Amino acid sequence: MNKKRHFLDPPEIKDYLAKGERFTKWSEDSTKTHPVTMKMDPKGFYVYWTTQSKETTFLDVQTIRDTRIGKYAKLPKHPKVRNVFNLDFPESNHLAKTLTIVSGPDTVNLTYHNFFASKEKVTQNWASDILAIAYNAARNNACRYVFLEKIYIRISLHTNKDGKIPVKNIYKMFPADKKRVESALAATHLPKGKYDTMKPDVFTETAFRAFLINLCPRPEIYEIFTSYSNKPTMTKENFTKFLNEKQRDSRLNEELFPRLRQDQIKALIDKYEPATTNSNRSLISPEGLLYFLMGSETSVVMQDRLAISQDMTQPIPHYFIKSSHNTYLTAGQFSGVSSPEMYRQCLLSGCRCLELDCWKGKPPDEEPIITHGFTMTTEILFKDVIEAINECAFKTSKYPVVLSFENHVDSVKQQEKMANYCKTIFGDALLTEPLDKYPLKPGQQIPSPSELMGKILIKNKKGSHEKPAQTKKNAAAAPDQAATAATTATTTTTTDAPTDAPAQDPNSTPQDPSNPAPSTQENQEGDAAAEDNEEQEDTEEQDEEKMKTSDEGTAGQEVTAYEAMSSIVNYIQPNKFISFDNAKKKNKSYVISSFVETKGEAMIAKSAVEFVEYPLRIYSGQFLSDKNVKTGVEVEVIGLPGDPKKKYRTKWSPTPNAINPVWNEEPFVFEKILLPEMASLRLVVHEENGKFLGHRIIPLDAIQSGFHHICLRSESNMPLTLPALFVYIEVKDYIPAAFADFTDALFNPTKGEKTTKPPKESSADYVSPYELPLAAPTPTDKAKESEAPAAEKAAPEPTPPVDAKDESTPPEASAEEPKEEAENKSDPPQPEAEPEEPPQTPADTPAEDPAPAATETTPEAVPPPEEAAPEKEAAPEQEPEPKPEPEPEPEPEPAADTKEEPVNDSSTNPEPASDDKPGTEAAPEEPAVVAVPCPASATPESAGSDESSQPPTSSEEPSTVTTEELTQHKNYLKVIKRQEKEMKEAEKKYQKKGEDLIQKYSDSFKALKKKASVKKKEGGGNTTDNSAATERAQEQKEKMQVELQALWSEQNDQLRKKKEQCATERLAKLMEMATEKHSSELKTLESESKENKKKLSKRGSADKAKLKKAQSTEMLDETSQADGASPDFSAQQEALMKKQAATLEEIKTLTNQLNQEALKDHEQKARSLPAEVKEAVNSCVGAHFPEMVDQAGDKKMEGVGVYGDVFLG
């Protein structure tokens, strides 16, 4: 079953928009009006109007932020303009003809384009359709091809009075390099003169494409193309391979997200290949590949994330809500200007939660205001804000809006005004009562976004009002007294009834003796309100002073919620956060708590569980600036505190080139993204001088793998038409180094196996080699063993049971695995702790591949009986297990009594091997097998070729990764390689400075010598002039010596610091790798211990009876005591942890050694520095003033004088 994919619909351009309509345009700063014809281009990129004098004005649809009609549109104030439109006539129906289009580069700097239609009922359609196109999700996240199409439309529409296209408009469109534009026009056979014109039928879309390819060649596309085809065209099979390898997310399930069918791939070729002869033969050219990589199929953002395709029927607390803070401000919160327009713009941009900082208005009007308390920000009326919200709340989204009130209005009268404005202006859109299906009860969920569409919810403190009628009566009788009382109770609730009195619902009427008692639901709601009220009273009394100086600012000083405001609060009730346990205990979904951002981030970081890795490679850029400058790209992840904080930067482009710079550097890797839903990837382009050129912020969970053209945006997130980056992104699940082998086995369980399947084994199937009969390896085994000594010596850590199927992999197969996998297997050889197994016998298992024993080696000395007993006890269990079907191998393994065959290796001596002491390193080199005979009843299981696949049993000492193996790991070697590269760059930098300094003084000495020679010829050898020249040369020499000493001393110091930083970084990497590996080892040991314990517990009396025949009663007792396995596991765990601690200490010792080496090199260099400086100075001076060379410098010291023969002039 295929998972349903969601795609975005392109904007619909209706015929009447392209045909046009007559309007009259007016502006607020002029008394003139202009009849115009307004149209939209057939693709929907531009709205443009033409005056009677054929002057055309273009308005980019992407800059349109709102369209307003009727009373919300702007109206002229000048009497002359008002007379033109008959606004002051009583029967004038002017509101039906008004239209205002709001545009701007951001939410603050707005322009208002005002029109009057010639007919009624025209503006409604124009306003709604233009706004729908402006906020179309497909258009706002368009692919690169759409933006290039937009440029073509713009150039084609901008004609002169004769209807021809001026060539100068093309030069204006691409101003970075006019010579390249001229050459591209000439190569496309188009007019290139600045004052030339051409007919629209000459400047076709095909000609425009050819012009762009000549203007902006793409060598990196040809590089990608040639990696899949060495011919001028690519076949459909190779194109399919490219799509599967590069453009498909490797994490996708092929059942839910199947690969492209052949007919779909053929459709892509037909769509993007410009040459029909190629597409008819199912071939694609480099140009076709380029157009495909600019098409909608390679958009960097998944369309599923942009489409409204998610399940919106869950309760509101299940969703992230796009919110705005200090919504009213157009600038900083200390002295910024407040404006109701900001509420419109935030709602239009998709915000569903807005903040209203409400304060008490001043007499005589006493109108509530919105501003930022205790600052110099301007004030706006609360009523104007409510009207702005009502106008734009559901223009671009029908999902519910939450108004977050920070209420500082300590006046009953003004709070009643606020509540009244909300009710009268919002009308039915305001949710004043809970839905019948979702009452306000503990344990009851609140509605979903889909059930509250078109509704406005109020978030405000909710008070408890047992006697609202009395409160209202007192307020009416003595309003001054009520207001005074309110101002003194800014942090308490209005109730003063006894705590045991039942609280009434604030929306219900007061109980009268003639009325029945309140319902059960009302009683429950009242009890809950009273409980919340008491808790909040206590909390506020304790924290009143604390809140005034907290990070929450004025939010912690909100006032009492009186009855009027409380009555319109239902599903969003703010309350002070105590703990998650407390919230879980109360189980009230309608209670919401706010955090300081840092606290919220910390809580999210603790519960984040998803880890993703993002390698990203920056290939090139296109049209990044309108100047011919060097550019560079910076990449970072914006997410949780635990996410990678490093910013990656490309080098500056080699030459000033803003049209098509190419970087193609090493990939930037962001590892271990904690929670992709809360993180974004940001790419930003700068000029060499630091000027911002464009950026793009993309949600991480919406990024697609593959090659992409990323269209950049402005600082206010407005799409830019020309600038773009070409990148390759790969999205992977993050895999720690310790689990690399395990994950590889999961993804490719048959890797390295032959066509035959070995018997499935688990950690509980382990049988000690001392229980098996004597067996000898086959010649094939010995030959393989001698060919792959490295595979014999490797002893990886005990791996999870999923790897058991790889145990019989012969050395040849394992040797063919990639080098990276071999490096990930990083457990040290522990022959004394992990006895190895001999091959199986025909009596025990079916005939199988004769190679399983190729990597088995001679076991160490026989352990005492008490150590071997638990292993022997495992044997009887193996008998009842079903045997696998015989494998189709030609020869069975030799029987147990077969004589050992001779071994050609002269170093091999099986006889003394069993007498070796534990810990000997010679044992792994022995190809022969010596086994200790076991009782006849013991039936051994088949043993794999790789001893690492067997987990440690009770007689084994667990092993851990060593420092040496960690330092050979590919991730650590990658760090070293990068550090070495950085060190070389730093050395080259100082070397260049030193060469420049020596060259400068060499030129100076040369000039002095030349000047002295000239004077000598003219003056006949005046001794005064000669002495003056010598003095100046001596001064220059001393100055050079001082500067060169300072420069090289600085270099020496910086290199020492750099080495110390490298050592610290290596320590951190090793500790990280070791920690991950140790955690894996402990988990594996624990899981194996549990399996052994479970297996031992199942043994019955029959098994013990068999063991009694072969073992003494004493041995059986000791074995029985070990059945629990928990003490043995604790001992093994303790031993493993000791080894791990020793490894960490070795890592620290290694780091100290690196620091000591850096310090030693620094001291040695500092001692030799004066001699090097003197030699360099002598070499520079001696070429022009031999008499000034220091005699001590004549003797060349060993290891110095790197600049001795440089820059002699």
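Every number here is computed from the coordinates shown, using simple stated rules; none is lab data. If you're wondering where the values come from, they're calculated on a predicted model, not measured in any experiment. Positions of Cβ are backbone-derived with ideal geometry, glycine not excepted, and every protein chain shown enters the neighbour counts.
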Here the relative contact order (percent) of segment 87-126, from C-alpha pairs under 8 Å and at least 6 apart, is 39
Which of Lys43/Lys194; Lys77/Lys121; Lys1000/Lys1174; Lys645/Lys1148; Lys241/Lys672; Lys77/Lys97 exceed 19 Å between C-alpha atoms? The answer is Lys43/Lys194; Lys77/Lys121; Lys645/Lys1148; Lys241/Lys672
Rounded, prolate or oblate: which fits segment 285-444 when a ≥ b ≥ c are the square roots of the eigenvalues of the alpha-carbon gyration tensor, with rounded for a/c under 1.5 and prolate only if a/b beats b/c? oblate
The local net charge around Ile284, scoring Lys/Arg +1 and Asp/Glu -1 for residues other than Ile284 whose Cβ lies under 12 Å from its Cβ, equals +1
Could you list, in their original order, any pairs among Lys1057/Lys1077; Lys993/Lys1037; Lys71/Lys423; Lys1083/Lys1139; Lys462/Lys588 whose Cα atoms are separated by more than 23 Å? Lys1057/Lys1077
Between segment 1130-1191 and segment 339-372, the alpha-carbon center distance in angstrom: 64
Under 13 Å, Cβ to Cβ, from Glu12 - net charge with Lys/Arg +1 and Asp/Glu -1: 0
Residues with beta-carbon under 12 Å from that of Lys192, excluding Lys192: net charge, scoring Lys, Arg +1 and Asp, Glu -1? +3
Where GluC sites (Glu not before Pro) fall in DSSP loop in segment 278-376, at most 15 other Cβ within 10 Å: Glu366
Sparse-neighbourhood loop hits (trypsin sites (Lys or Arg not before Pro), segment 202-269; DSSP loop; Cβ within 10 Å at most 10 others) -> Arg261
